[in-house]
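Chemist: Before we start, here is the structure in question, set down as C-alpha cells.
The values are calculated or read from the model by the stated rules, or taken from the named source; none is laboratory data. Remember, it's a predicted structure, so these values are computed and weren't measured experimentally. In this analysis, Cβ positions are derived from the backbone assuming ideal geometry, glycine residues included, and neighbour counts consider all displayed protein chains. Note: accessible area is taken over every heavy atom of the protein model, side chains too, but ligands, DNA and RNA are not part of it. Shrake-Rupley method; radii C 1.70, N 1.55, O 1.52, S 1.80 Å.
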Amino acid sequence: MKKAKKQNIIIASIAIIIVGAIVAYNYSYDQTRQKGFKFGNELQQIQEEVKQAQIQFDSKITQWKEGDLSLEELLDYSEIHLDNMQNKILKYDKLNPPAQFAPSVELFKLSTQAQLDSDKEFIEWIKTNDESHSIRSDSLLQESFEYEMLALGEFNSVKAGLK
C-alpha cells in the first residue's frame, strides 16, 4: 500500500507541475498579448495625431491660397504646427515596442521627420518664394511617403508572423 501511495503522490505532483506550467505559460502569453495590444494602440494614436496635424496644416494652406488667411496668420500657425509635429516625433521615443516591431517604429518616426522637414521647406518657400525650397519640400514629402509604406509593410509582416 505504501508503494501505491508514493506513486499516487508522484503522479499528483507531476500533474500539479504540468498544470502550473500551463497556467504560467497562458499568463505569460496573455501578458505579452496585452503589452502588444497596448503598443499597437499607442502607435495607432500617434499615427492618427500626425495625420490630423497634417490635415489641419493642409487646411490652413488651402485657406491661405484662397485668400481666407493672411500670410502672417499662416506663418504664425506654421510655428505651432512645427512644434506640434516635433512633439509627435518625440512620442515615438516613448513607445516600448516588442523587439520585432522596433524597425517599423523607427520607419514611422523617419516618415514623420521627413514630413516635418517637408513642411519646414514648404514654409521657407512661402517666405522666400525660392523655388528650390518647393522642390526640396516635394522631395521630402515623397521620402516621407516611402518611409510610411516601408513602415506599414514591416509592421504588417511582423503582425502576420512573417518576420
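Chemist: Which members of the stretch 114-160 meet the condition of being open to solvent by 60 Å² or more (accessible area, probe 1.4 Å), within 19 Å of the chain's Cα centre (by Cα) and of a type outside the set (Ser, Thr, Tyr)?
Modeler: Result: 141, 142, 143, 145, 146, 149, 150, 152, 156, 159, 160.
Chemist: For the stretch 100-122, indicate whether the set of residues that are within 20 Å of residue 44 (Cα to Cα), in a helix (DSSP H, G or I) and among the charged types (D, E, K, R) is non-empty. Before you say what the answer is, go through the steps one by one.
Modeler: First, pick out the residues of the stretch 100-122 that are within 20 Å of residue 44 (Cα to Cα): 100-116.
Those left that are additionally in a helix (DSSP H, G or I): 100-116.
From the residues that got through so far, the ones that are among the charged types (D, E, K, R) too are 106, 109.
Scanning the stretch 100-122, I find at least one residue that is within 20 Å of residue 44 (Cα to Cα), in a helix (DSSP H, G or I) and among the charged types (D, E, K, R), so the answer is yes.
Chemist: Hey, another quick one. Go over the candidates 63, 47 one by one and state the one that is under 28 Å from residue 152 (Cβ atoms), of a type in the set (S, T, N, Q) and modelled with pLDDT of 90 or more. Can you show your working first?
Modeler: Numbers: 63 fails: under 28 Å from residue 152 (Cβ atoms).
Matching residue, one of 63, 47: 47.
Chemist: Do you know which residues across the stretch 50-82 are touching a residue at least 24 places away in the same chain (Cβ under 8 Å), within 20 Å of residue 144 (Cβ to Cβ) and open to solvent by 40 Å² or more (accessible area, probe 1.4 Å)?
Modeler: Of everything in the stretch 50-82, just one residue is touching a residue at least 24 places away in the same chain (Cβ under 8 Å), within 20 Å of residue 144 (Cβ to Cβ) and open to solvent by 40 Å² or more (accessible area, probe 1.4 Å), namely 56.
Chemist: Only residues that are free of Cβ contacts under 8 Å to residues at least 12 places away in the same chain, of a type outside the set (Asp, Glu) and either assigned to a helix (DSSP H, G or I) or on the phi < 0 side of the Ramachandran plot (or both): list them for the stretch 124-138, please.
Modeler: Across the stretch 124-138, the qualifying residues are 128, 132, 135.
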